[in-house]
There are 2 protein chains.
Amino acid sequence: MGNGSNDILEFVARVFLAPGFNAVFSRHAFAVYPLVSMAVGAKLNIADANALDADMPFGHNLQQMREQVDKDTKVIFIANPNNPTGTWLDENSLESFIVDIPDNIIIVLDEAYVEYVSEPGYPDSIPWITKYPNLIVTRTFSKVYGLAGLRIGYSVSHPEVADLLNRVRQPFNTNSLAQAAALAALDDQGHLQKSIESNDAGLLQVANAFQDMSIEYIPSVGNFISFKTALSGEVVYENMLKAGVIIRPISNYGLVDYLRITIGSKDQNARFIDILKQMPGVVA
Amino acid sequence: MGNGSNDILEFVARVFLAPGFNAVFSRHAFAVYPLVSMAVGAKLNIADANALDADMPFGHNLQQMREQVDKDTKVIFIANPNNPTGTWLDENSLESFIVDIPDNIIIVLDEAYVEYVSEPGYPDSIPWITKYPNLIVTRTFSKVYGLAGLRIGYSVSHPEVADLLNRVRQPFNTNSLAQAAALAALDDQGHLQKSIESNDAGLLQVANAFQDMSIEYIPSVGNFISFKTALSGEVVYENMLKAGVIIRPISNYGLVDYLRITIGSKDQNARFIDILKQMPGVVA
């Protein structure tokens, strides 16, 4: 268990990385991979992502990731789906990649947004743990379960890997209320379904608006969409902020002038769309 | 802010320690100092504690600690009062020690139990921060405030030191409910006073019982007392457990056959005392 799945990513870095070793991950992947790797002095081997005109624009390119693996690689971080691109990897491609990686390299499969994905071919990764002892699957209660403020996540892995992670875990890393809330959340399948349906409708609502306005966006299976307008990302961010809507510029992800909006309720999404439509210069 | 003050101790180790360097602390000091130091590959320079017949038996011996400081020392951990001995250091001795330490060495003053101490001469350490930029004072809401299950603690230090600690802090390390509870707790001086008075009375109740039974104990200013009977620590622990009272054997602190009891309510303390009195062989 982790103080959010962020905590688990820290354990991985602290157990398996050190100066002289490197971590492989994709360009535009979750920002915490470089942070935890640099914090322990490891090198970053960043793989080029898919091109804008690919099937999964800016998504993980497993061929490029394979090429970044060298004799000093100790950890590979894979986000499926990835934040902030909302792109995903299918079962066959991902398992072929895992099979091909030497088993002394830890593969972290970060599934923070797994519950939102209904695409056919999306992997059921937990059973893979029995086949690949170097695989760590991380999940969280911070997304679909709505418990981000309480901080609770987890990983599933081979017991020997879990034992190593537990050695750097603080003795009382997860708080009591979060533990109770997580157990209750697992039993509340009704809320889970409602959250997923609300997100599916919202993704469609926002994507349709982007299409209507001819605004470029990255098709997403997460609970967010990243998009780019004719204005600079900072200007869109500031204008939204003034109108009371907080979205995030994601230049720090190497996606210059893109912004990520988290899907909200139908009314919240509509408010975002209205403000965007009225923003001067947003469409070229 | 830390996920408990344990989190802060981790930050210190990760920022200031590394292989090739060492941390200085006292024998019988809080168990987390060696854990966080070893987790980053640092060496442990453990200072001998006071003798059993000293004024503060098993307490920090600042002269011994000073002698453990060498060119590779980066951090000194001081618990005041110390868990599990309940011993403490006075203002004059402690400030003389701090003055004498080179200012490139971080001194962590762990004050988890500070609110319980009413002894004259106990230091008011926060103002020292302005004089000693290498000093970090850590505190917690897990003890007198009763919020251990929520996980929240903090440190006070020079802004440049705080900036370094924040660089290894996870972005969302403290949960929202703990933050709200900590703010509320700071305003509830009535509860604080009640907890302190209850603890003072309990310390006296348990210490008097030990004296009545001629059981050896370490005089404590914390919310716990460590003691030793004619039985092995494991036997006392098991017997207490069977009677529904959880206390802790502290052989892992180098205090063989000692046990630590946390002060409870008057009735809880009385129950512990009754069970102890009825335990065969507990008095030599």
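Every number here is computed from the coordinates shown, using simple stated rules; none is lab data. All figures in this text were calculated on a predicted structure; none of them were measured in a lab. Here the Cβ positions follow ideal geometry from the backbone for every residue, glycine too, while neighbour counts run over all protein chains shown.
Below is a table of values for the structure above.
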item: Rounded D (µm²/s) - the protein assembly as shown, Kirkwood Rh over Cα pairs, Stokes-Einstein at 37 °C, 0.692 mPa s; result: 124 µm²/s
item: Lys/Arg +1, Asp/Glu -1 at C-beta; the range B:31-103 dipole; positive extreme among B:MET56, B:ALA39, B:VAL99; result: B:ALA39
item: Candidate aspartates and glutamates for bridging to B:LYS131, where Cα separation is under 12 Å - those fewer than 8 sequence places away on the same chain excluded; result: B:GLU95, B:ASP103
item: Given charges at beta-carbon only (K, R positive; D, E negative), |dipole| of the range A:190-278 in Debye; result: 160 debye
item: Total charge dipole magnitude, the protein assembly as shown, about the Cα centre, Cβ charges on Lys, Arg, Asp, Glu only, Debye to nearest 20; result: 80 debye
item: Hydrodynamic radius (Kirkwood) for the range A:190-278, which is based on Cα pairs only, to one decimal in Å; result: 13.2 Å
item: For B:PHE172, inter-copy label distances in nm, listed shortest first [label point 7 Å out on the Cα-Cβ vector]; result: 2.2
item: For the range A:25-163: rounded, prolate or oblate by the Cα gyration tensor [a/c cutoff 1.5]; result: rounded
item: Cα-centred dipole magnitude for chain A, charges only on beta-carbon of K, R (+1) and D, E (-1), debye, nearest 20; result: 840 debye
item: For chain A, built as a Gaussian network whose Cα springs stay under 10 Å, the top-fluctuating residue of A:PRO102, A:PRO57, A:PRO120; result: A:PRO120
item: Hits among aspartates and glutamates - C-alpha to C-alpha of B:LYS266 under 15 Å, sequence gap 8 or more where chains match; result: B:GLU197, B:ASP200, B:ASP274
item: Cut-off under 5 Å, modelled amide H: who pairs with A:ILE76 long-range; result: A:VAL24, A:ILE106, A:ILE107, A:VAL108
item: C-alpha center-to-center spacing [the range A:81-103, the range B:121-144] in angstrom; result: 49 Å
item: Given B:LYS194/B:LYS242; A:LYS43/B:LYS71; B:LYS43/B:LYS74, the pairs whose alpha carbons are separated by over 19 Å; result: B:LYS194/B:LYS242; A:LYS43/B:LYS71
item: Degrees separating the helix B:233-242 axis from the principal Cα axis of chain B, which is the longest one; result: 70 degrees
item: Residues with amide H under 5 Å from that of A:GLN170, placed H, sequence gap 5 or more; result: none
item: Amide H contacts under 5 Å for B:GLU216, placed H, 5+ residues apart; result: B:LYS228
item: For B:MET213, inter-copy label distances in nm, listed shortest first [label point 7 Å out on the Cα-Cβ vector]; result: 7.3
item: Under Karplus coefficients 6.51, -1.76 and 1.60, residue-wise ³J(HN,Hα) of the range B:8-23 in Hz, glycine/proline x; result: 4, 4, 5, 4, 4, 4, 6, 7, 9, 10, 5, x, x, 10, 9, 10
item: Förster radius 51 Å - calculated FRET efficiency between A:GLN278 and A:GLN193 (Cβ-Cβ, nearest 0.05); result: 0.90
item: GNM result for chain B, Cα springs below 10 Å: residue of B:VAL69, B:VAL114, B:VAL256 fluctuating most strongly; result: B:VAL256
item: Estimated vicinal HN-Hα couplings, Hz - the range A:141-158 in sequence order (Karplus 6.51, -1.76, 1.60; Gly, Pro = x); result: 9, 7, 9, 4, 7, x, 9, 3, x, 8, 6, 7, x, 7, 10, 10, 7, 4
item: Cβ-vector label at 7 Å, B:ASP48, separations to other copies in nm; result: 6.6
item: Between the range A:207-243 and the range B:215-244, the Cα center-to-center distance that results, in Å; result: 63 Å
item: Residue-wise HN-Hα coupling along the range A:245-261, computed from phi with Karplus coefficients 6.51, -1.76, 1.60 (Hz; x: Gly, Pro); result: 10, 9, 10, 10, x, 10, 4, 5, 9, x, 10, 5, 6, 7, 10, 10, 10
item: Gain upon complete extension [B:MET38, B:LYS131; 0.36 nm per residue less C-alpha separation]; result: 30.5 nm
item: D (Stokes-Einstein, µm²/s), Kirkwood Cα radius, the range B:93-172, 1.002 mPa s at 20 °C; result: 154 µm²/s
item: Radius, Kirkwood style, for chain A when every pair of distinct Cα atoms is counted (Å); result: 19.7 Å
item: Options B:VAL156, B:HIS191, B:TYR217, ranked by Cα towards positive dipole end of the range B:134-225, top entry (Cβ charges); result: B:VAL156
item: Average beta carbon contacts from partner chains per residue of B:172-179, 10 Å cutoff; result: 6
item: Among B:GLU216, B:GLU115, B:GLU160: highest mean-square fluctuation, GNM of chain B, C-alpha pairs under 10 Å; result: B:GLU160
